[in-house]
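Comments concern the structure below.
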Amino acid sequence: MFERIFSWLESRTDTFPPVKPEKPGDTLWGFVWHYTRPFWPMILICSALASAVALIEVALFSFLGSLVDWLSTANRETFWQDHGSRLIVMAVLVLVVLPVLKFWYEAVVHQGLIGNFAMRIRWLAHRYVLRQSVDFFQNDFAGRIATKVMQAAMGTRDTVMKITEVLVYVGVYFTGAVVAFAASDWRLAVPLVLWFVAYLLIMRHFVPLLGKASKAQADARSMVTGRIVDSYTNIATVKLFAHADREDLYAKDGLSHMLDTVYNSLRTTTRMTVALNVMNALLLFSTGTLAIWLWTLDAVTTGVLAFTVSLILRMQGMAHWILWEVAGLFEDIGTVQDGIETIARERSLVDAPDARPLQVTSGRISFDDVSFNYGKAVEADGRGVVDDLTLTIAPGEKVGLVGRSGAGKSTLVNLLLRFYDLRQGRILIDGQDISRVTQESLREQIGLVTQDTSLLHRSVKDNIAYGKPEATMDEIVDAARRAHADEFIPHLLDPKGRRAYEAHVGERGVKLSGGQRQRVAIARVLLKDAPILILDEATSALDSEIEAAIQESLYSLMEGKTVIAVAHRLSTIAAMDRLIIMDKGRIVEEGSHDMLLRQGGLYADLWRRQSGGFLAREAAE
C-alpha cells in the first residue's frame, strides 16, 4: 500500500516537461513563482496538514494543563467515569489522528515535493541556459554556470518550503498559544505578545544581514568552483608549464575570499543566536513568574501553570528552529539571487517570432553587404572584423577562404552558422535570410569540422552518431572507416573496461590524440551528410599520410555540396573551384589558384612563403 501511495505522489507532477523552456523572471519572486507554479497544490496541502498538526499539538498542551487539574482534584474511584470520554478522544488524537496526519505530511513533502521540485527546476533551467548564445558560454566558467544551475534549483525549492513551514508554524503555534493563554487569563498572553514583537525586531535586523552575507557566500562558492574546474579542465597546460603551485595560489585566493564571507555570516549568526537566547530566558522567567503570581491570587489553576510553562519551553525550542530556518531561508534566497544573474538572463540570440525551418534546395549562399565587429566599436578607420563584405557562392561550388590570422575567415563561418547576429547586411541561403529561419534548422543543414575538435565525454559510437542520432551501427562503422578512424577505434579501452566503439573518450576527447579526435569529428560530419559543408582547418591535426587518405574521403563527401574551406595550409585548398582572399575583414582577391599566382598579390606572397620560396628571396636580398 505504501509503495502505491509513494508512486502516486511521485507521479503527480511531470518532472521533465517537454515544453519549450521560457525565460524565468529576473526578480526573486518572479523567478521563484516561475518554477513553483506546478507545485502549489501540494504546497497548500502540506500547509493544511502542518496547520492541523500544530493545532493538535497546542491542544495537547492545553489538555495537559486540564489533566493536571483533574489529577489534583479528582476522586480516584470515579476518575475514569468522570473523564474517560475526553481521555479516549485525546488517545485517538495521539495514536491515530496525529500519526496519520504526519504520515501524509511527510509523504507529500518527501515523495511529492523534495525530489521532483528541485529536479524539475534543474531540467528547465538547464534547457533554457543550454540555448544561450555561444558568446554567453565564452564569457564565464562552464563549472560556474553549472554550479549556479544546480544551486539555484535547491535554493528555490528550499526557499518556498521554508517560507510555508515558518509561516504555518509561527501563525498557528503563536496564535494558538496566545488564545490558549488568554483563555486562562489575559495577562498570561502579554509576555508572549511582547516576546513576539521583539522576535520580529530581531529578525528584521539580522535576517537582511544574513541575506547579504549568504549572497556573497554563494557567489564566492561559484567563483571557487569555476577556478577549480578551470584548472582541472586545462590540466595538460598546468602540467606542461609546471604550474601546480601557481594553480594552488589561484585556488587559495578564491578560497580565502570565500572564507571571509563565511566568517562574516557566522559572526552575524552568533550575535543573532545570543540575542534570541536572552529573549527566551526573559520570556520563560516572566511567564513563569506571572503564572505563579496569578496562582497565588487564585486567578489560575495549577494546570494552567504547568500548561503555560511547558508550552513556553516548547516554543523556545521552536523559536531557535524558526530562526535557523529563517537564516537558512535567506541563505537560500542569496543562492537564488546569485543564480538569477546567470539563469534569468535574456538570450542575446533568438529565433524571429515568425521563423520557419530552412529549406535547402540547391545550396546557394549569399553574403550581402555584411559587417560585424563582436559588439565592439569599429576601428578608427571605420572597419570591423568583417566590413561591407559581399560574396555569392554558387550551388555545389567549392570555395576556399584564405588570409592572414585575424583576416575574418573564421568570423565569416561563425556568422553563417548564426552564432552571432550581424551589425549590418544579411546572409541568404537559397534566398532565405538566415536571421528569419530557426537556428536549429539552419545548423542541421550545415556540416562543420573545425581545427579545435571537441568531443563529448561519451562513447566513440555516441560521438560519431551525434551527426545522425538515428544511425545504425553499420552506418556508424562505415563513417568511421571512411574517415580512417577504424584504424585506432578497435584498440581503444577506457578505465571502466569499455572497448572500441563503446569506449569513452574523456572530457573534450582528451583520451584521444589530436589526429584521432579529428578523424572522429570527420566521421561525425560524414554521417550527418548535410548539403552545406564547412571545413575550418579540418585536417590541421593530421599527419601528411593520414591527411592524404582523408582528403579522398573529404572529396567524396564534398560531391554535390556547397563547400567553404578555411585553411592556413594552402596546399589543402589549392584545388578548390575558387579561392577568396581576405584581409582586414574584406575580400581583396578571388580566383583560381593559378590565376592568383599569376596576379602576384597577397595569395601569391602567402604561397611563396609556405612553399619555401621566400627563404631564397630573403637570402638573395
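The values are calculated or read from the model by the stated rules, or taken from the named source; none is laboratory data. Computed from a predicted model, the values in this text were never measured in an experiment. Quick reminder, even Gly has a Cβ in these numbers, built from the backbone with ideal geometry, and neighbours come from all protein chains shown.
Return a yes/no flag: does segment 103-111 have any residue that is surrounded by fewer than 20 Cβ atoms within 10 Å (Cβ to Cβ), charged (D, E, K, R) and without any contact (Cβ under 8 Å) to a residue 12 or more places away in the chain.
Yes.
Go through segment 470-484 residue by residue and tally those that are in a helix (DSSP H, G or I) and in contact with a helix residue (DSSP H, G or I) (Cβ under 9 Å, 6 or more places away or on another chain).
So the answer is 9.
Just checking, how many residues over segment 279-304 are buried (at least 21 other Cβ atoms within 10 Å of the Cβ), assigned to a helix (DSSP H, G or I) and modelled with pLDDT under 75?
The number of residues fulfilling the criteria is 2.
Test Ala242 against the criterion of being in a helix (DSSP H, G or I), assigned by TED's automatic domain parsing to the domain that holds Glu57 and among the small types (Gly, Ala, Ser), and give yes or no.
no
Being surrounded by fewer than 17 Cβ atoms within 10 Å (Cβ to Cβ) and outside any helix (DSSP H, G or I) is the filter here, so list the residues in segment 140-156 that pass it.
Within segment 140-156, Asp140 is the sole residue that qualifies.
Does segment 157-172 include one or more residues that are under 26 Å from Thr270 (Cβ atoms), among the aromatic types (Phe, Trp, Tyr) and part of a helix (DSSP H, G or I)?
Yes; the residues of segment 157-172 include at least one that is under 26 Å from Thr270 (Cβ atoms), among the aromatic types (Phe, Trp, Tyr) and part of a helix (DSSP H, G or I).
Which of the residues that make up segment 444-455 are surrounded by fewer than 17 Cβ atoms within 10 Å (Cβ to Cβ) and either in the same structural domain as Gly384 (by TED's automatic domain parsing) or touching a residue at least 40 places away in the same chain (Cβ under 8 Å) (or both)?
Glu444, Ser454
In segment 124-139, which residues are surrounded by fewer than 18 Cβ atoms within 10 Å (Cβ to Cβ), part of a helix (DSSP H, G or I) and not polar (S, T, N, Q)?
Answer for segment 124-139, where residues must be surrounded by fewer than 18 Cβ atoms within 10 Å (Cβ to Cβ), part of a helix (DSSP H, G or I) and not polar (S, T, N, Q): His126, Arg127, Leu130, Val134, Asp135, Phe136, Phe137.
Out of Leu422, Leu401, Leu412, report the one residue that is surrounded by 17 or more Cβ atoms within 10 Å (Cβ to Cβ) and assigned to a strand (DSSP E or B).
Step by step, each of Leu422, Leu401, Leu412 is checked, and only Leu401 is surrounded by 17 or more Cβ atoms within 10 Å (Cβ to Cβ) and assigned to a strand (DSSP E or B).
Could you tell me which residue of segment 207-235 is modelled with the lowest pLDDT, considering only residues that are in contact with a Ser or Thr (Cβ under 6 Å, 6 or more places away or on another chain) and more than 30 Å from Glu507 (Cα to Cα)?
Leu210
Take Leu201 and decide whether it is surrounded by fewer than 18 Cβ atoms within 10 Å (Cβ to Cβ), under 37 Å from the mean Cα position of the chain (by Cα) and either charged (D, E, K, R) or in a helix (DSSP H, G or I) (or both).
yes
Gln445 passes all but one of (1) modelled with pLDDT of 85 or more; (2) under 28 Å from the mean Cα position of the chain (by Cα); which number fails?
(2)
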